[in-house]
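Accompanying notes for the structure given below.
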Amino acid sequence: MISVEQVKLNFGGFELFKDISFIVNPRDRIGLVGKNGAGKTTLLKMMAGLQQPSEGNIITPKDAIVGYLPQTMVLRDSRTVFDEAQTAFSELLNMEKKIEKLNNELATRTDYDSDEYHQLIQRSTDLTDRFNLMGGHSFHANIEQTLIGLGFKREDFTRQTNEFSGGWRMRIELAKLLLQKPHIFLLDEPTNHLDIESIQWLEDFLKNYSGAIVLVSHDRAFLDNVTNRTIEISLGRIYDYKANYSKYVELRTERREQQLAAFRNQQKMIQDTEDFIERFRYKATKAVQVQSRIKQLEKIDIIEVDEEDHKRLNIKFPPAPRSGKIVVEAKTVGKTYGQLEVLQNIDLYIEQSEKIAFVGKNGEGKTTLARIIMNQLDHSGLMKIGHNVKIGYFAQNQADLLDGELTILETIDKVAVGDVRTKIRDILGAFMFSGEEVDKKVKVLSGGERTRLAMVRLMLEEVNFLVMDEPTNHLDMQSKEILKKALSDFTGTILLVSHDREFLDGLVDCVYEFKDKKIIQHLGGIYDFINKKKIESLKELERKTSNNGTPTKEDKNTKSTELSFEEQKEINKEIKKAEKQVEELENKIADLESKLANMDKQLANPDNTDHNLYNEYEKVKRQLDQTMYEWELSNEQLDAWQNKKTW
């Protein structure tokens, strides 16, 4: 699909990539990993054709469709959510308009026997057939399914996109990309703006996707569930592993240990050989052996040990001053924004040293309640902070609130007081800002670097209650693990708003789920909560269906009384359409399989000299994969309509 060949990239005198090469195959699921600043986003941009290497080539087939999702993008706000998502099907929409125009023209003309009239019929038929083959009758359903999967409600479809936050608008862009069904996805931190339920939906979508996927993510659970190959970028080089992230971590450790063992053995052998040469160099009786050993040394290929990036984040929160037993007490707390009610009759008690998580879909009020605790928002009901509670707050957009015109050193110097001011450079060094780096302006820092800088500011305060809203966004894997360890060791109370399952696992012992303006307490860790939710979903499914997966008698009776004659008529019409589409796709599959069989014979012939045949073979194979995918969707749609009829 994409071939990266001996690529180099220089920034001034700094070499970001040093002769990197790899190939993305049609069904690969690749996780790009490495520290912040290693070049993951830059490599994705080059693969998307948005940036050129200093040397080398990145080759993509001409007919390959590449879908690229950047971390940040310019968003348009002139349409409704559904209309914006619908732009993913611009070709189908244009076809639909042409078909409508042709049909209107046919309806108004009366020259039924003329050649022009028959040509119009033929054009309309051909265009309609192509429209159907490309999924013209199912793309609206696909849009709805994708938007709901990413957390939108049906009532959101008609709202203007400018009514949504930046995170929700990023979801619309992700939906458009998923709906385009490109041959290869290039995804840069796709989970940053998603909640846990939406992340799990996206995981299922990508696992079952027929194309290739290359993604950058700092969500370990997401990488493990989606990828089957890991490419690590470290110090300008890449290391390719045919494994998901967790297995890659094991293999990387094993590889380095093996390299070190082989390197030590070789060094010992070299030293022993040199000692022998030195000892017997001037003895005539040993001249032959000495010359033999000298030649042996000259032929040795020195084993190289992979360089390691030893820069590490060093986080340790100051000891927490003692607080009262009750840290937060909330009674009947509510919050509305105009006519929109977000929270209703919330009761919440947080005790000293508890570590809790706020989870739930975006827009359910997690950040709102965190800000009410911080006394940043007006509200109804009682919100009381306990005795001697000192709060340290890390906002979701904390990194963006930093002054871009200040340097790293100036940013910290501005908030540091007392003896701490003499240790600013040491503190910044612990957060991987050393030497001349402290003179960089904030505006040139990456997302991960800004997050680390915002964390430094938080560390300067002596607090006993940490309220952190999505603190892991933009942090690399190693930094997240170190932050997790620091929070585990923190002796105070912690409230985390996060969608990162792996980060929360083992860190929190109580989960508050936000749903329908209320909160529900779940004792236990994050995976206890997730497993419980899965069981509840299965029980709900079992309640609606019998053991063989068909609707229960009660459901059938209820449904059939709800369907009018007109509704039954419409369903029958849709069933016929779906049956026709399935039949057309089956015929197309048979044709493509026949073509491939003929090409197989030609390729097997040793006398064949047609160099374009392989490219044509790959093209037909991709068409077959796409048609099979459309056939599966069409069958699912047919089953859905038939179920509606029988219920």
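The values are calculated or read from the model by the stated rules, or taken from the named source; none is laboratory data. The shown structure was predicted, so the numbers you read here are calculated from the model rather than taken from an experiment. FYI the Cβ positions are ideal-geometry reconstructions off the backbone, even for glycines, and counts take in every protein chain you see. When the accessible area is computed, the model is the full protein with side chains, heavy atoms only, and any ligands, DNA or RNA have been set aside. Shrake-Rupley method; radii C 1.70, N 1.55, O 1.52, S 1.80 Å.
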Any hit, region 72-90, residues being part of a strand (DSSP E or B) and surrounded by 14 or more Cβ atoms within 10 Å (Cβ to Cβ)
yes
Tally of residues being under 31 Å from the mean Cα position of the chain (by Cα), surrounded by fewer than 18 Cβ atoms within 10 Å (Cβ to Cβ) and part of a loop (DSSP other than H, G, I, E, B) across region 435-464
2
LEU147 vs. criteria at pLDDT below 80, among the hydrophobic types (A, V, I, L, M, F, W, C) and in contact with an Asp or Glu (Cβ under 8 Å, 6 or more places away or on another chain):
no
Here are some residues: LYS355, LYS335. Which one is among the basic types (Lys, Arg), under 29 Å from the mean Cα position of the chain (by Cα) and under 30 Å from GLY392 (Cα atoms)?
LYS355
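Conditions (1) touching a Lys or Arg at 6+ places or on another chain (Cβ under 9 Å); (2) buried (at least 19 other Cβ atoms within 10 Å of the Cβ); (3) polar (S, T, N, Q), marked per residue:
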position	(1), (2), (3)
ILE99	no, no, no
GLU116	yes, no, no
LEU120	yes, no, no
ARG123	yes, no, no
GLY151	yes, yes, no
MET170	no, yes, no
LEU187	no, yes, no
Part of a strand (DSSP E or B), at pLDDT below 90 and more than 21 Å from the chain's Cα centre (by Cα), is that true of LYS18?
yes
Which residue, of ASN388, ASN473, is of a type outside the set (Lys, Arg), part of a loop (DSSP other than H, G, I, E, B), at pLDDT below 80 and open to solvent by 10 Å² or more (accessible area, probe 1.4 Å)?
ASN473
If I ask for residues that are in a helix (DSSP H, G or I), modelled with pLDDT under 80 and open to solvent by 50 Å² or more (accessible area, probe 1.4 Å), which ones from region 395-419 would you list?
ASP400, LEU401, GLY418, ASP419
Got a sec? Which of SER21, SER114, SER54, SER3 is in contact with a strand residue (DSSP E or B) (Cβ under 7 Å, 6 or more places away or on another chain), over 30 Å from ALA221 (Cα atoms) and of a type outside the set (Val, Ile, Thr)?
SER54
Please find, within region 231-252, the residue that is farthest from ASP28 (Cα to Cα) out of those that are among the hydrophobic types (A, V, I, L, M, F, W, C) and open to solvent by 20 Å² or more (accessible area, probe 1.4 Å).
LEU235
Given the criteria of a type in the set (Asp, Glu), modelled with pLDDT under 75, in contact with a Ser or Thr (Cβ under 9 Å, 6 or more places away or on another chain) and open to solvent by 50 Å² or more (accessible area, probe 1.4 Å), does ASP625 qualify?
yes
GLN52 vs. criteria without any contact (Cβ under 8 Å) to a residue 12 or more places away in the chain and either open to solvent by 50 Å² or more (accessible area, probe 1.4 Å) or assigned to a strand (DSSP E or B) (or both):
yes
Do any residues in region 127-142 that are within 16 Å of ASN103 (Cα to Cα) have Cβ atoms under 9 Å from those of residues that are modelled with pLDDT under 70 and open to solvent by less than 40 Å² (accessible area, probe 1.4 Å), where the two are at least six apart or on different chains, and which pairs are they?
THR128/GLY136; ARG130/GLY136
Which of the residues that make up region 481-524 are of a type in the set (Gly, Ala, Ser) and either closer than 30 Å to GLN339 by Cα or assigned to a strand (DSSP E or B) (or both)?
SER498
Across region 189-230, the tally of residues that are open to solvent by 40 Å² or more (accessible area, probe 1.4 Å) and not in a helix (DSSP H, G or I) stands at 4
The condition from (1) in contact with a Lys or Arg (Cβ under 8 Å, 6 or more places away or on another chain); (2) modelled with pLDDT of 90 or more that LEU44 misses is numbered (1)
Checking PHE164 against (1) closer than 22 Å to ASN362 by Cα; (2) at pLDDT below 80; (3) open to solvent by 50 Å² or more (accessible area, probe 1.4 Å), which test does it fail?
(3)
